[in-house]
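Report on the following structure.
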Amino acid sequence: MKVTKIFDKNHQWFMFGRDPEKPESIIDTNQYMIVAGERALLMDPGGIEVFAPMLGAILHHARADQVTDLFASHQDPDIISSLGLWDQALPEAKLHAPWIWEGFIRHFGMNNIEYVGIPDEGSTIDLGSLTLELIPAHYLHASGNYHVYDPIGKVLMSGDVGAALETPEGPIYVDDFEEHTSRMKMFHQRWMPSNRAKNDWISRVRNLDIEYMAPQHGRVFKGDDVTRFLDWFEELEVGTAVANNN
Amino acid sequence: MTTLTKNNEDKLVALASIAAELHTVMNVAYGVSLAAKNAKVISAQAGEKGLGFQPITDFIDEISQLAINGVSTINDNALKLSKISVHEQRSYDAYQRFQSVIKKNKDAAYIGSLAPSMVRIENHMIDSFKDFKNSMKDLFVLLEDMDKHMLSARAIASVSRVVTSDTQEFRSKLDVVANDLDDAAIFIKEKVSDSYEHLDHVKNLTRKHA
């Protein structure tokens, strides 16, 4: 599991991904962790297949009991199917996840961890020395969906928005935006169902001060590439499976 | 595939087989209960002549209720064993993954912080194993009780044939009830015996990884 520190000041952002031991048949995913003093938040911790490499990678940077909070942007298996294993590794932790998915996510196995349902309008996660904002991203792509915004580090963990289908050898950061759009186009057109939801999200996210936009698949956007992405996404028509079938 | 995983898979199949065997028993037991209620009506219609048959129809009704309740309890126990097996498998799976993390990340600064979780899972697996063994013992007792009830049912079927022979008027109808009871008791005994074999298999698998 490759680990990249994407922000490092009073608190740190770690990105985990590009796992060379990952079975080829499963989609590559990025997992993120914020370490803020004695507390750590693990975001979209991934599927069962990446649990062991993830846990191993985390223990190089944080103690197991330091990971007090988990976040799941939505209910998909590549996001949170490892929950049953985290439940045994971190029994005292809290899982922040969309309220509408609680009954579904619990199917992954959760006997110890506490489920904290995020309301539709969003919420915050207080890590003591750092407060994170949970930004609604409903229908992008799941019907209950959130992103994590760090106003101090100016980092937006954007879930499936900004995602690209990437090889394990792919670079961590977007280096040529125009070239990168070819890896994102189909993903967004097919997985994002609603132009209305897309535009609503863009208008709210444009008001945030973002230096890094970190998606759950593919590469991280830095600086001006964040605005380039928002402009590109605004122009893109999504929900094309319906349009193509009519 | 690890030995415990394979054992657990075999255990789950064996426990599901017990539930499947006993599902058919439930239908038969309901049939006998209905026949016993019909027999009660027949003996009531027989007036004084049917008086000798009344305790027997009461007993048939009672034994069919015992079979219905017994099968339900046995199924609950088999389900409990299945659930323990699933939990045991999940704990074992986590334990193996934790071991793999420790093996591959010996140089990790915080690898020692995983120790409390490992201990917790070990204790959970020990508790699950004890719980499984106790529940298995309970299930053996329940199956033995059911076997005894069916022996009693066969005995009462024989007695009822003698009694019905004294009540000529209703003999044919009550003979049918006695035969149904005997057939049901034989069928249920067979299914209990099969379930016993499945449970014995579970016991052997449990002993293997004790």
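For the reader, a short list of remarks on this structure follows.
- Per residue value of the accessible surface for chain A (all protein chains in place, 1.4 Å probe), Å²: 41 Å²
- Share, in percent, of DSSP beta bridges within chain A that are antiparallel, nearest 5: 65 percent
- Peptide-level mean, for A:45-52, of C-beta atoms on other protein chains within 10 Å: 2
- Average other protein chain Cβ within 10 Å of Cβ, residues A:101-112: 1
- Magnitude of the charge dipole, region B:66-130, Cβ model with Lys/Arg +1 and Asp/Glu -1, debye to 20: 180 debye
- Figure note: B:Val28, B:Val162 ranked by solvent-accessible area, largest first, 1.4 Å probe, ligands and nucleic acids not counted: B:Val162, B:Val28.
- A/B buried area, accessible surface, summed, 1.4 Å probe, Å²: 1600 Å²
- Taken over the alpha carbons of region A:119-223 as equal point scatterers, the Debye sum produces base-10 log I(q)/I(0) values at 0.10, 0.19 Å⁻¹ of -0.28, -1.00.
- Diffusion coefficient of region B:17-67 by Stokes-Einstein, Kirkwood radius over Cα pairs, 25 °C, 0.890 mPa s: 211 µm²/s.
- Computed FRET value (nearest 0.05) for A:Ile152 with B:Val86, which takes r as the C-beta separation and R₀ as 45 Å: 0.55
- Note on A:Glu179 and B:Gln65: the model spin-label points, each 7 Å out from Cα along the C-beta direction, lie 8.2 nm apart.
- Accessible surface of region A:1-63 [probe 1.4 Å, protein heavy atoms]: carbon and sulfur percent: 47 percent
- Of interest is the spacing of the C-alpha centroids, which for region A:9-69 and region A:99-149 amounts to 17 Å.
- When the Cα positions of B:Phe53, B:Ser85, B:Leu139 are compared along the charge dipole of region B:36-148, B:Ser85 comes out farthest toward the positive end, with charges on each C-beta of Lys, Arg, Asp and Glu.
- Spherically averaged projected area of the convex hull of Cα atoms, chain A: 12.5 nm².
- Distance between the 7 Å Cα→Cβ label points at B:Lys148 and A:His107: 4.5 nm.
- Heavy-atom surface of region B:97-210, accessible at 1.4 Å and reported per residue (Å²): 56 Å²
- Summing charges over neighbours of A:Glu24, with a neighbour being any other residue whose Cβ is under 14 Å away from its Cβ, gives -4 when K and R count +1 and D and E count -1.
- With the convex hull of its Cα atoms as the shape, region A:53-127 has an orientation-averaged projected area of 5.0 nm².
- Label positions at A:Thr131 and B:Asn204, each projected 7 Å from the Cα along the C-beta direction, are separated by 6.5 nm.
- Think of each Lys and Arg Cβ as +1 and each Asp and Glu Cβ as -1; about the Cα centre, that makes the dipole of chain A roughly 80 debye.
- Computed over chain A, relative contact order equals 15 percent, with contacts defined as Cα pairs under 8 Å that lie 6+ residues apart.
- Alpha-carbon Rg with Dmax, taken over region A:3-81, Å: 12.2, 38
- When each of the peptides A:194-204, B:36-46, A:76-86 is scored by the mean number of other C-beta atoms lying within 10 Å of its residues, the order from highest to lowest reads A:76-86, B:36-46, A:194-204.
The values are calculated or read from the model by the stated rules, or taken from the named source; none is laboratory data. Here the structure is a predicted model, which is why all the values come from computation and not from measurement. In this analysis, Cβ positions are derived from the backbone assuming ideal geometry, glycine residues included, and neighbour counts consider all displayed protein chains. The area values use the complete protein model at the heavy-atom level, side chains included, leaving out ligands, DNA and RNA. Shrake-Rupley method; radii C 1.70, N 1.55, O 1.52, S 1.80 Å.
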